[in-house]
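Undergrad: Take a look at the following structure, please.
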Amino acid sequence: MNRLIIRWQLALLPLAAVGLALAVSRGYGVEPDAPIQLATLVADAPVQAPQPDVLPDWHADAHKTEFKYIGASGCSAANCHGGDALKETVGSEHSIWVQKDPHANAYAVLRNETSARIMEYLARSKRYADLEGVPAWEAKICLDCHAAASDRSQLAAGHKFSLRDGVSCEGCHGAAEKWLDPHKRWDWKFLSPEQKSSLGFVNTDDLYTRSKMCAECHVGAADREVNHDIMAGGHPRLNFEMAAFSSVLPPHWNPNDDRRRHAVSNPNTSAENVHSAYFAKLWALGQVAAAEKSLELLETRAADKNGVWPEFTEYGCYACHHDLQPSAWRQKDRGYDLKPGHFPYGTWQFAALPLVTHGTNASDLFAESGAFEQLRAEMGKPSPNREDVLKLSAPIRRSLAELGHQINSQPMSTEMIDQLLKASTNEGQTIADNSWDAASQVYLAAVAAYQGMMDANGRIARPIPADHDNFKRFRTIREQLKFPNPYDSPRTFEQRTQDRVDVILQQLKELSQAIAD
């Protein structure tokens, strides 16, 4: 008999998903008027053209990996993970993924009109002049994230790898050359995470590991970079938030297993009676992991003396992409205190981190004169000093890594979730007043914390009248964050009158009061 999987009553994280165009466009749990309507690679239906089963050979510049890929077909047998998805989750993981998960479509979108247009524009850049005439489905910069492997040198002997599988099993669980056979044996479940990791298996049960793995593509890495040239060609901005992204994926696992691992009550009771910190903890770890990866990418760029500097994707997009007005709000102090010609750094990935670090040893990082403010000031200059950026960034990244391990290794109590919820609605009012990026991150933080509070208190499947009142407040905030049609930016969000911002701040204030009561 299928194990009961609770269908989350709040359903706000799917509505709040920012930037997960893959899921939004295919409608998995998301209303068509999702709050942030970004240009996406999958907005157009993919062209079902013939697809190669082999990768191009990039030789010297091939991405190196200790373990080799064997292909998703190694997992798809009916007696492995290719069972009847309508009957059972366990044993049908591949079937569910291939039918419903947007990652399965990651390679196919490289053949649509949007991707062709991106490549056409990208080839006009001096950085990518060698890509002239190269289709997206053969470009390594695309395959690095749109396929599990991007080069023949990464494939095991006798592999059955096919690009058409997109970001398949091994894209998240690790190259299977060494772990596939042990994974089939009865004693696999008795191996420790460290033993499995030594074979190349990624422990996605661990939320911190999972978040960092997702951030490899959805934030970027040294060999997986979506820079300003690529975005200028039409690639969507990488607005990654782990909790919201996760909520819109059709799970090919039992979500209640996640809830049980982070239970604040008896984890062995029925699913509807488990009280869990999962939602809040996933949000917190996702914030830390995304910031870590963002700083790692920043350091890679700063260390590359021949690379473009500064890279504009480090900054708030709408500081430049906005209407020019004689008395625009950007000429006033909206929390950034920038001089003319200076850039607002890290407006997305770092906006909500003060909520995560609140009350921890890392809280000083985001104090008024803390380490991050020093980094932000240096990065805000028209020409940041590369060496200074490296010196400032590395200690922050290490401190965040320590915080991530601390959050990951310790239980998150109901009291801690309540503190996070209060911070997101109280301190969140000050943060949300800074920009659309900040307001969106505060909204996502408040939704995750509220859903976490409900679950920790046993109300996730049984909301009370007060919850429904607060849902309405969340929906009001969400409406203010939506982009006006047909724009891919918050064109009317931060106008001089601040109408939308004022509504958001008022709703956060009401939420704060309702929670206190």
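Undergrad: Please calculate how many Å² of accessible area segment 118-227 carries per residue, with a 1.4 Å probe and no DNA, RNA or ligand atoms counted.
TA: Numbers: 5300 Å² over 110 residues.
About 48 Å² of surface per residue is accessible.
Undergrad: Expressed as a whole percentage, what fraction of the accessible surface of segment 413-485 belongs to carbon and sulfur atoms when a 1.4 Å probe is rolled over the protein heavy atoms?
TA: Values: 1180 of 2430 Å².
After summing per-atom areas, the C and S share lands at 48 percent.
Undergrad: Using only alpha carbon pairs under 8 Å that are at least six residues apart, calculate the relative contact order of segment 376-506 and give it in whole percent.
TA: Working: 81 pairs, mean separation 25.3, N = 131.
Relative contact order, segment 376-506: 19 percent.
Undergrad: Kirkwood Rh, Cα Rg: Rg to Rh for segment 353-468? Can you show the working numbers first?
TA: Working: Rg = 16.9 Å, Rh = 16.0 Å.
On the Cα set of segment 353-468, Rg over Rh gives 1.05.
Undergrad: Still on this structure, I have one more. What's the local net charge at Ala85, with K and R +1, D and E -1, over the other residues with C-beta under 10 Å away? Working shown, then result.
TA: Details: positive: Lys87, Lys100; negative: Asp84, Glu88, Glu93.
With Lys, Arg at +1 and Asp, Glu at -1, the net is -1.
Undergrad: Given a Förster distance of 51 Å, report the FRET efficiency between Asn361 and Thr476 from their Cβ-Cβ distance, rounded to the nearest 0.05.
TA: Working: r = 36 Å, r/R0 = 0.71.
Calculated value: 0.90.
Undergrad: Give me the percent of accessible area attributable to carbon and sulfur for segment 81-160, probe 1.4 angstrom.
TA: On the way: 1910 of 3750 Å².
Carbon with sulfur: 51 percent of the solvent-accessible area.
Undergrad: To continue, here is another question. Convert each backbone phi in segment 401-412 into a coupling constant with the Karplus relation 6.51 cos²θ - 1.76 cosθ + 1.60 (shift: θ = phi - 60°), then list the ³J(HN,Hα) values in order as whole Hz, x for Gly and Pro.
TA: 5, 5, 5, x, 5, 5, 4, 5, 8, 10, x, 9
Undergrad: Each label point is 7 Å from the Cα along the Cα-to-Cβ direction; what then is the distance between the points at Glu120 and Asp469, in nm?
TA: 5.5 nm
Undergrad: Give the cross-link partners of Lys381 among the lysines, using a straight C-alpha distance below 19 Å as the criterion and excluding same-chain residues fewer than 8 apart.
TA: Lys305, Lys332, Lys339, Lys391
Undergrad: Hey, another quick one. Just how far, in whole angstrom, is segment 151-181 from segment 445-488 if you go by their alpha carbon centroids?
TA: Segment 445-488 and segment 151-181 have Cα centres spaced 39 Å from each other.
Undergrad: Related question: Take the alpha-carbon centre of segment 345-384, take the same for segment 229-266, and report the distance between them in whole Å.
TA: The distance from the Cα centre of segment 345-384 to that of segment 229-266 comes to 24 Å.
Undergrad: Among the lysines, which have Cα under 30 Å from the Cα of Lys68 when same-chain residues fewer than 8 positions away are ignored?
TA: Lys100, Lys140, Lys160, Lys178, Lys184, Lys189, Lys196, Lys212, Lys293
Undergrad: Still on this structure, please answer the following. May I ask you to list the aspartates and glutamates whose Cα is less than 19 Å away from that of Lys472, ignoring any residue fewer than eight positions away on the same chain?
TA: Hits, sequence-local ones excluded: Glu31, Asp33, Asp455, Asp499, Asp502, Glu510, Asp517.
Undergrad: Taking 8 Å as the Cα distance limit and 6 or more residues as the minimum spacing, I'd like the relative contact order of segment 71-175 as a percentage. Walk me through the intermediate numbers first.
TA: Details: 136 pairs, mean separation 31.9, N = 105.
Dividing the mean separation by the residue count of segment 71-175 yields 30 percent.
Undergrad: Here's a follow-up. Pop a pseudo-label 7 angstrom from the Cα along the beta-carbon direction at both Gln513 and Ser409 and give the gap in nm to one decimal.
TA: 4.4 nm
The values are calculated or read from the model by the stated rules, or taken from the named source; none is laboratory data. Source: prediction; values computed, not measured. For neighbour counting, all protein chains shown are included, and Cβ atoms are generated from backbone atoms with ideal geometry for every residue, glycine included. Note: areas computed on protein heavy atoms with side chains; ligands, DNA, RNA excluded. Shrake-Rupley method; radii C 1.70, N 1.55, O 1.52, S 1.80 Å.
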